[in-house]
Amino acid sequence: DAGVIQSPRHEVTEMGQEVTLRCKPISGHDYLFWYRQTMMRGLELLIYFNNNVPIDDSGMPEDRFSAKMPNASFSTLKIQPSEPRDSAVYFCASSASYGNSPLHFGNGTRLTVT
Amino acid sequence: GDSVTQMEGPVTLSEEACLTINCTYTATGYPSLFWYVQYPGEGLQLLLKATKADDKGSNKGFEATYRKETTSFHLEKGSVQVSDSAVYFCALSEANTGTASKLTFGTGTRLQVTL
């Protein structure tokens with residue numbers, strides 16, 4: 001089992017550019033979560049999917065952020081346009097649907113917007 | 001809504017010292033409780049969990065007991081090692097949401113163990 005795979009590991013971009021973060025969940029997991037981690041705000045849930053359908057996007061900061069899950073093995077988080085305050089580590093996590101199945105996290109994408 | 005409160009860090013200990021990281025929670029219903037650990041440059045990993053009152057979760061020498069009367073889930077280890085240096089997150093799963101895996105995390109406590 002390869003675990004949750006995120007790419008890229010590091011992204012440096014200029015303000016105003018579009019950024020796309022990618023995630024491949026563990027095969028067979030039907031929940032997928034996007035989190036953002038910063039020193040100031042800790043770990044924040046942005047959005048989560050169940051069976052590829054977005055269930056709760058109330059944590060998405062604003063319209064500049066969007067997430068998709070076109071199939072069970074792939075999800076993207078897009079920021080357009082990016083701003084310096086978006087700099088953070090973005091984590092993808094997946095889990096199975098049985099009761100209290102633990103989250104499995106990827107190693108994250110460190111985004112720096114200059 | 002549900003929330004988790006952890007003690008502020010960093011916690012600095014000498015190797016073989018005893019560790020306690022406090023965690024208290026506020027929740028409706030009967031959540032499950034978790035401790036996750038994050039090593040530098042990595043994502044969070046599940047360390048242990050407890051799903052009902054008085055349950056004790058344990059793993060790698062770490063323990064935590066689900067105390068409903070004090071709404072607490074303190075993490076303990078009798079003798080820490082340098083390799084335990086990491087950030088530790090307490091978390092709960094929201095009850096009655098139909099989503100077993102949606103977690104609310106505490107802010108994390110950084111542990112540094114020195115020789």
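The values are calculated or read from the model by the stated rules, or taken from the named source; none is laboratory data. Predicted model only: the values in this text are computed from it and were never measured. In this analysis, Cβ positions are derived from the backbone assuming ideal geometry, glycine residues included, and neighbour counts consider all displayed protein chains. Just the protein is used for accessible areas: all its heavy atoms, side chains included, with ligands, DNA and RNA removed. Shrake-Rupley method; radii C 1.70, N 1.55, O 1.52, S 1.80 Å.
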What residue, of B:THR28, B:THR24, is open to solvent by 40 Å² or more (accessible area, probe 1.4 Å) and assigned to a strand (DSSP E or B)?
-> B:THR24
Please give the strands (runs of 3 or more DSSP E) falling wholly within region A:12-114 in which 1 or more residues are away from chain B (no Cβ under 11 Å) and under 11 Å from the mean Cα position of the chain (by Cα).
-> A:19-24, A:31-38, A:42-50, A:65-71, A:74-79
Restricting attention to region A:16-27, report how many residues are exposed (fewer than 14 other Cβ atoms within 10 Å of the Cβ) and over 17 Å from A:SER66 (Cα atoms).
-> 1
Report, ordered by the first and then the second residue, all pairs with beta carbons closer than 6 Å, sequence separation of six or more or different chains, a first member in region B:41-60 that is within 11 Å of chain A (Cβ to nearest Cβ), and a second member that is in a loop (DSSP other than H, G, I, E, B).
-> B:GLU42/A:ASN107; B:GLY43/A:GLY106; B:GLY43/A:ASN107; B:GLY43/A:GLY108; B:LEU46/A:PRO102; B:ALA50/B:TYR66; B:THR51/A:ASN100
Any pair with Cβ under 6 angstrom, 6 or more apart, that starts in region A:64-83 at a residue that is farther than 10 Å from A:LEU32 by Cβ and open to solvent by 60 Å² or more (accessible area, probe 1.4 Å) and ends at one that is of a type in the set (Gly, Ala, Ser) and modelled with pLDDT of 95 or more | A:LYS78/A:SER66
Kindly check whether there is at least one residue in region A:100-110 that is at pLDDT 95 or above, of a type outside the set (D, E, K, R) and open to solvent by 50 Å² or more (accessible area, probe 1.4 Å).
-> no
